[in-house]
Amino acid sequence: MLARHSLVWLHPQGWQEAEAAASAAAAASTAADCSDAFRQWRQADWPLIARRPDADAGSDDCCLGLAMPPDPATGFKRRIGLRVQRSGVRRIAAPLPVASTVDRAPQLWRTPLSRLSEQAEEAGMALHVFGSLALQTLTGRSYLTPASDIDLLFIPASARQLEEGMAMLGAAAEQLPLDGEVVFPGGQAVAWKEWRNAAGAARGMRVLAKDMHGVRLASTAELLGSLEAGQ
C-alpha cells in the first residue's frame, strides 16, 4: 500500500516515464538538472518518496518525489515532483527503522538515537525515520545541516502505546532535535509536538491531520477512538 513517506523503487520503464514527464514540465533552465538527478538515482537504484497525489492524478497514478541534497553554497533544496503508473513501480517499503539510521547520524546523536531505537523495539513500537537523516542513510550523500531535525514516524498500535510512546519521545527530545508525526489508523498523521500539546486538553480539541487525500482538522477524541476501536 502506498502511504505518505513510503519508499518506492521503479522498474526501468517507470524511470523512463517519470523522466519524460518531469522534463516536459520543467523549465528549460532546470530540465538538465532534473535529467542528471534522474540518471544518478536510477543508476544507484535509490528509492523515491511517496507524496500526496496531485489534484489531477488518476487512480492508477503514483505521485512521488525526488529530494536532492542541499546546495553546499546556498543551502537550496531542489525537490522534483513526478508521477508514474503503478505498473512502473517495482517495490514499495515502509520508511527506514530508526536503528538503520544511527551510523549515518552525526556523532552527537548516535548514543541517544540508538537508545531510543532500543526502547521502541523493547516496547514493540513502530518507529521510523523520514526526511534528511533517512535520505542521507539511503544515498550516502550529505543532507543534514546544523539546522536539521530528526523526522520520526511513530505508529502506535493502541491508545496505551500512544501514551507510552509520547512519553518516550518527550524524554528523547531532551537530547535530540526530534520532529515528525504520529500516524493513526487509516494513515492520518498529526505532528507529534502538536499532539503532545493537545493531549492534556479536552478530548474535543482539534488538531491538523494529514493523509494521502489531504489535510483536515480532526478532534483528538476521534483519533483516539480510531486507536481504541482497533484494540
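Every number in this text was worked out from the coordinates using simple rules, so none of it is lab data. Given the structure is predicted, the values throughout are model-derived calculations rather than measurements. Glycine also receives a Cβ, built like all others from the backbone with ideal geometry; neighbour counts cover every protein chain displayed.
Can you give the Rg/Rh ratio of the stretch 134-231, where Rg is from the C-alpha atoms and Rh is the Kirkwood radius?
Details: Rg = 14.6 Å, Rh = 14.4 Å.
Here Rg/Rh amounts to 1.01.
Here the relative contact order of the stretch 85-151, from alpha carbon pairs under 8 Å that lie six or more residues apart, stands at 32 percent. One quarter of the surface of the convex hull around the alpha-carbon atoms of the chain equals 13.5 nm², the direction-averaged projected area. In this rough spin-label picture, where each label sits 7 Å from Cα along the Cβ direction, the A73-A20 distance is 3.5 nm.
Tell me, what is the percent relative contact order of the chain, built from C-alpha pairs under 8 Å that lie six or more residues apart?
16 percent
Residues considered: S35, S59, S148. Largest GNM mean-square fluctuation over the chain, using C-alpha springs under 10 Å, is found at S59. Note on the chain: with a GNM built from Cα contacts shorter than 10 Å, the maximum mean-square fluctuation among K77, K210, K193 falls on K77. For the stretch 7-93, the mean projected area of the C-alpha convex hull, equal to one quarter of the hull surface, is 6.0 nm². When shorter helices are ignored and each DSSP H run of at least 4 residues is given -39500 (n - 2.57), the per-residue value for the chain at 222 nm works out to -12000 deg cm²/dmol.
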